[in-house]
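What follows is calculated from the coordinates using simple rules that are stated; it is not laboratory data. Quick caveat, the model's predicted, so the values are computed rather than measured. FYI the Cβ positions are ideal-geometry reconstructions off the backbone, even for glycines, and counts take in every protein chain you see.
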Amino acid sequence: MQPGTPYGAPRPYVQALAENVIDSRIRCLVDSLNVVGVCSTFASCEGHGFISCLAAPYVVFESGFDFAQVLSMYLEQDAARVKPHLHYYWIIGGFFDRQGGFRFRLAPGQEINGWWPSARKKLKRDFRTLSDLVKVLTERWQADPAKFESQAQEQHDETGQKQSPEFPFLGCAFPSKWIAASAGGTKLSACADGVIAFLAVTKCHLDLLNWVGAGKKPL
């Protein structure tokens, strides 16, 4: 570990790998969120507990607003399923770090209640499902960002009813009203406007700075 870097402090992915400080259970998701030119991570925690949850899992990452918006749309879409593929309702929030940089935070948008060993199994499966989703999205994004953004936007069927984009690798679709909270119908093209629009259409957790120096394992 480099001198001056506290154990619980956020750090770039490459540094976290070298210092072997990434929690093993969430490693697959962290790895998938590190794609050159698309996204990179700065901090993470697999979640910790004994009988109940004491610290919820999360991944802090940096990306363009458009990519974060598309990922958020698919998460909201899955949450709208009668039988979601994810056990927990995952959301993307945003915040400014101490240096003024804007970061995104992927984490459960609900309290993790119940017997911790049971919750741990569900979280482990969610990490894998999220990792698979992110891999598909980043691959498509790298292949053709403009085309992918276009395909991800709401479309109309022959009756004129809006449809949401399909879950990339599970092939499902739901009414657009179910993902309106995350999609917002707004293309986040400018940084300043993007921050305002994104914070307005997502459930941002303004207490996200708590992970800085809070003793949680970093990325």
Item to complete: Take Phe95, Phe104, Phe67 and order them by how many other Cβ atoms sit within 10 Å, fewest up front.
Response: Phe95, Phe67, Phe104
Discussion item. For Cα pairs less than 8 Å apart in space and 6+ apart in sequence, what is the mean separation divided by the residue count of region 1-144, i.e. the relative contact order in percent?
Written reply: 24
Fill in: region 92-134 - Debye-derived log10 I(q)/I(0), Cα point model, q = 0.16, 0.31 Å⁻¹
-0.60, -1.06
Response to the item:
Candidate cut points under trypsin sites (Lys or Arg not before Pro) in region 59-122, DSSP loop plus at most 16 other Cβ atoms within 10 Å of their own Cβ, are Arg81, Arg98
Fill in: Cα-Cα over 26 Å, subset of Lys122/Lys147; Lys83/Lys121; Lys83/Lys147
Lys122/Lys147; Lys83/Lys147
Worksheet item: Once you put a point 7 Å from the Cα of Ser40 and another 7 Å from the Cα of Glu62, both along the Cβ direction, what distance in nm separates them?
Response: 0.6
Worksheet item: Given a Förster radius of 35 Å and the C-beta distance between Ser118 and Glu19 as r, what FRET efficiency does 1/(1 + (r/R0)^6) yield to the nearest 0.05?
Response: 0.65
